[in-house]
Amino acid sequence: MAEECQFDINLVGDSLAMVALGYEDTNEIPFEEMLYHIKLVYRGNKKSFILADLPFGSYEKSHEQAIESCIKMVKYGKANGIKIEGGEENFDLIRKITSIGIPVMAHTGLTPQHHNVMGGFKLQGNTKNQAIKIYNDCLSLQKAGAFLILLECVPNKLAQEITNKLSVPTIGIGAGPYCSGQVLVMADVLGMNNNPHQPKFVKSYENFFEKGVAALNNYQNEVKNNQFPLADVHGYKMKSEVLNELKEYTKLL
Ligand SMILES: Nc1nc(=O)c2c([nH]1)NC[C@@H]1CN(c3ccc(C(=O)N[C@@H](CCC(=O)O)C(=O)O)cc3)CN21
Ligand SMILES: CC(C)C(=O)C(=O)O
Ligand SMILES: [Mg+2]
């Protein structure tokens with residue numbers, strides 16, 4: 001579907017852990033499962049630029065570990081670039097990854113992999129110190145070589161100030177309309193999961209969950225009421241001479 005509507009970028013986000021795999025947070029997804037999903041996104045969509053999240057645990061130990069993960073995502077997953085959560089602490093790492101030919105999208109503001117130290121999934125950058133920190137992080141991330149900067153769950157005006165200052169594009173999720181571009185989790189756009197709580201920044205354009213339940217119930221009811229399958233419509237006819245031979249044969253048993 002994403003290939004069909006020609007999005008500029010397809011992000012294979014680690015939120016797939018929660019929206020597609022049933023994990024409780026993004027930190028649970030193993031690197032191999034991210035890689036598996038990058039591969040299948042590529043196989044289904046060869047035309048788009050594919051970015052992928054470096055999952056929790058696949059890059060923090062050392063630059064060597066991070067580079068090995070990035071190379072696997074590009075070499076085997078066919079990702080065109082990677083996304084990494086964090087601020088200026090990633091400066092050297094982003095330098096290194098971009099220097100080997102892998103475009104890096106930085107991700108700051110609310111960084112879900114850090115939810116345990118952030119006290120949950122909360123708006124970021126709403127105090128003077130936080131706002132200045134995020135602003136400076138973005139300058140630093142651009143200087144390190146990030147070609148895109150993702151801003152998650154920050155006030156509209158902070159995203160606007162940052163977007164005006166930077167020369168690389170900002171991509172927002174919960175960062176208001178003044179970013180250079182937008183991203184949203186596809187499962188949220190389509191309403192695939194029956195989420196009791198959605199972040200304020202989500203807009204669902206469809207309710208695939210409701211439509212899916214209705215379709216499955218329809219099927220079940222038709223089977224129970226002998227409305228599906230219909231012999232003439234969904235079944236296969238047997239040649240009459242074969243049927244006669246079969247009956248001859250079974251009579252003898
Ligand atoms: N389905 C889905 N969509 C996402 O966008 C998403 C995930 N899952 N999982 C990984 C992270 C987690 N995300 C989240 C989850 C919750 C809020 C949230 O409820 N935020 C509060 C902020 C309230 C405040 O601090 O004022 C909200 O009410 O919007 C935000 C981002 C974004 N990501
Ligand atoms: C929400 C986007 C930016 C993301 O990181 C993800 O889907 O994992
Ligand atoms: Mg993510």
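When only alpha carbons are used to place a centre, segment 3-48 and segment 122-141 end up 28 Å from one another. For the peptides 225-233, 73-81, residues were scored by their other Cβ atoms within 10 Å and the scores averaged per peptide; the highest-first order is 73-81, 225-233. Over the chain, Cα pairs under 8 Å with separation of 6+ residues give a relative contact order of 11 percent.
What is the order of His114, His37, His107, fewest Cβ neighbours within 10 Å to most? Mind showing how you got there, number by number?
Numbers: His114 12, His37 20, His107 28.
Placing the least packed residue first, the sequence is His114, His37, His107.
In the chain, helices alone account for a calculated mean residue ellipticity at 222 nm of -12500 deg cm²/dmol, with every DSSP H run of four or more residues adding -39,500 (n - 2.57).
Site pair Val189 and Glu68 shows an inter-label distance of 3.5 nm when each label is modelled 7 Å from Cα along Cα→Cβ.
For the residue pairs Lys133/Lys203; Lys83/Lys157; Lys47/Lys75; Lys39/Lys143, the alpha carbons lie more than 19 Å apart in Lys133/Lys203; Lys83/Lys157; Lys39/Lys143. All C-alpha pair distances within the chain, sorted into 5 Å bins from zero, spread as 1, 6, 11, 14, 16, 14, 10, 5, 3, 3, 4, 3, 3, 2, 2, 1, 1, 0, 0 percent across the bins.
Please identify every one of the trypsin sites (Lys or Arg not before Pro) in segment 143-238 that sits in a loop by DSSP and has no more than 16 other beta carbons within 10 Å of its own beta carbon.
Lys200, Lys203, Lys237
Shown for Val104, Val168: other C-beta atoms within 10 Å of each C-beta, ranked fewest to most, produce the order Val168, Val104.
Mind running the shape call on segment 210-251? Use the C-alpha gyration tensor, a ≥ b ≥ c as the square roots of the eigenvalues: rounded below 1.5 for a/c, prolate if a/b tops b/c, oblate otherwise. Prolate, since a/c reaches 1.5 and a/b exceeds b/c.
The number of Lys pairs in segment 210-251 with C-alpha atoms less than 24 Å apart, excluding pairs fewer than 8 positions apart on the same chain, is 6. Partners of Lys46 within straight-line reach, counting aspartates and glutamates whose Cα lies under 12 Å from its Cα and excluding those fewer than 8 residues away in the same chain: Glu3, Glu4.
As an exercise, use a Förster radius of 45 Å and the Cβ-Cβ distance of Val117 and Phe209 to find the FRET efficiency, rounded to the nearest 0.05. Taking R0 as 45 Å, the efficiency between Val117 and Phe209 is 0.90.
Ordered by the number of other Cβ atoms lying within 10 Å of each residue's own Cβ, fewest first, Leu246, Leu190 fall into the sequence Leu246, Leu190.
Computed from the coordinates by the stated procedures, all read-outs in this text should not be read as laboratory data. The shown structure was predicted, so the numbers you read here are calculated from the model rather than taken from an experiment. Using ideal geometry, Cβ is built from the backbone for each residue, glycine included, and neighbour counts are taken over all protein chains shown.
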